[in-house]
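The values are calculated or read from the model by the stated rules, or taken from the named source; none is laboratory data. Since we're looking at a predicted model, the values are computed, not measured. Note: ideal-geometry Cβ built from the backbone for every residue, glycine included; neighbour counts use all protein chains shown. When the accessible area is computed, the model is the full protein with side chains, heavy atoms only, and any ligands, DNA or RNA have been set aside. Shrake-Rupley method; radii C 1.70, N 1.55, O 1.52, S 1.80 Å.
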Amino acid sequence: MSHDHEPGHAHDDHRHDAHGDHGGHSHGGGGGHAGHSHGVSADADRRYLIAALSLIAAFMVGEVTVGLLARSLALISDAGHMLTDAASIVLALVAMRLAARPAKGSLTYGLKRAEILSAQANGITLLALAVLFFYEAIRRLISPPEVEGGVVLVTALVGIVVNVVAAWLISRANRSSLNVEGAYQHILNDAWAFIATAVAGLVVLLTGFDRADALATLVVAALMLKAGYGLVRESGRIFLEAAPAGLDPDTVGGRLAAVTGVVEIHDLHIWTITSGYPALSAHVLVREDLDCHAVRLTLERELRERYAIDHTTLQVDHVSPETLQLGDRPAAEDAHCRDPHGSAHRAAH
């Protein structure tokens, strides 16, 4: 197939101005994604999530009651942590339904980022509760109340069993969602928190050292801080449209620029729409004597097979003879936009 296009002609269904808000992800005929699911899926097994939620909610109510009767802040803080776990599961279930709605109107990606919003809200809640429990634990270290160690020990042991079962249930659901994976990690953290609480209950029971309860609360609060920070960080990266973790745009750009026939890759952007949904856009300049469509297909195959990115918008243009001359100014300034943005990579060949 031969193409005698003018140098300024674009070979893609989406013009470059789509980069502004990353609205397009055309495959240009070579990056089909039929049957490919992204992030939160309507097909995720809700039964396991609902079962885990029911188990956690029932135990949480009982734990708050016992914690108040035993005057154990460790048990109450554990219950607070479980409340955020329950909330994350509820938000994940809601996000699944929202994400399943088709894109329409101004929502060109639908509501796929609903799970990221809920994950961030869950992370912020964890951080706020951690601060609260840190404050109360320090207060109790200074002036410890009498704690029923035996009750705390038994309740914590039951909590360990509940968390192990809940973690097993969630592990069988769709963990590609940031919410579901976050809930899974939280419940694992809860298991460690209950172990700390059980140890505190045993210490109080055997030695009468009531401050052990407050020390266990500090451990729980630290775990909440860790989990909350992780969720806020990951959701923040997505909202800031940073490249997916572990994927270096300069490495990707350099690899694409090394493809035969490519003169320059610029305005390169890599971001994440929602969990498991990476996307890429770039302007590609190709040698004038080559079939730009064939080069585009090669680039799409490289992105799909090497980096698992199959949602791409590639604007491919033939380069003019003038821009083939290497100089201090990048070809983009002569052949493309007045305000270049994103990474630029020029071929070494």
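Assorted remarks:
- Which numbered condition residue 181 misses (of (1) open to solvent by 10 Å² or more (accessible area, probe 1.4 Å); (2) on the phi < 0 side of the Ramachandran plot; (3) in contact with a Leu (Cβ under 9 Å, 6 or more places away or on another chain)): (3)
- Number of residues in the stretch 269-294 that are open to solvent by 40 Å² or more (accessible area, probe 1.4 Å) and of a type in the set (Gly, Ala, Ser) equals 2.
- Scanning the stretch 207-220 for residues that are of a type in the set (A, V, I, L, M, F, W, C) and either in a helix (DSSP H, G or I) or under 30 Å from residue 278 (Cα atoms) (or both) yields 212, 214, 215, 216, 218, 219, 220.
- Leading residue by the ranking (nearest to residue 63 (Cα to Cα)) among those in the stretch 130-154 that are surrounded by 17 or more Cβ atoms within 10 Å (Cβ to Cβ) and of a type in the set (Gly, Ala, Ser): 149
- Residue that is nearest to residue 311 (Cα to Cα) [pool: residues in the stretch 91-109 that are in contact with a Leu (Cβ under 8 Å, 6 or more places away or on another chain) and surrounded by fewer than 21 Cβ atoms within 10 Å (Cβ to Cβ)]: 101
- Considering 114, 119, the condition of being surrounded by fewer than 23 Cβ atoms within 10 Å (Cβ to Cβ) and within 16 Å of the chain's Cα centre (by Cα) is satisfied by 114 alone.
- Flag if residue 197 is polar (S, T, N, Q) and open to solvent by 10 Å² or more (accessible area, probe 1.4 Å): no
- Single match in 349, 341 (criterion: within 33 Å of the chain's Cα centre (by Cα), part of a loop (DSSP other than H, G, I, E, B) and modelled with pLDDT under 85): 341
- Of all residues in the stretch 109-140, those being touching a Ser or Thr at 6+ places or on another chain (Cβ under 6 Å) and either outside any loop (DSSP other than H, G, I, E, B) or small (Gly, Ala, Ser) (or both) number 9.
- Unique residue being surrounded by fewer than 17 Cβ atoms within 10 Å (Cβ to Cβ) and closer than 21 Å to residue 83 by Cα when the list is 247, 231, 157: 157
- Of the criteria (1) under 21 Å from the mean Cα position of the chain (by Cα); (2) crowded, with 23+ Cβ neighbours inside 10 Å; (3) aliphatic (A, V, I, L, M), which one residue 216 fails: (1)
- Residues that are among the polar types (S, T, N, Q), in contact with a helix residue (DSSP H, G or I) (Cβ under 9 Å, 6 or more places away or on another chain) and at pLDDT below 50, drawn from the stretch 28-84: 41
- The test for being assigned to a helix (DSSP H, G or I), aliphatic (A, V, I, L, M), over 30 Å from residue 303 (Cα atoms) and open to solvent by 60 Å² or more (accessible area, probe 1.4 Å) does not hold for residue 223.
- Put simply, of 297, 314 the only residue that is open to solvent by less than 10 Å² (accessible area, probe 1.4 Å) and at pLDDT 90 or above is 314.
- Taken over the stretch 141-200, the residue count meeting the criterion of being assigned to a loop (DSSP other than H, G, I, E, B) and touching a residue at least 12 places away in the same chain (Cβ under 8 Å) is 10.
- Every condition in (1) farther than 30 Å from residue 297 by Cβ; (2) free of Cβ contacts under 8 Å to residues at least 60 places away in the same chain; (3) touching an Asp or Glu at 6+ places or on another chain (Cβ under 9 Å); (4) not hydrophobic (A, V, I, L, M, F, W, C) is met by residue 255 except one, and the failing one is (1).
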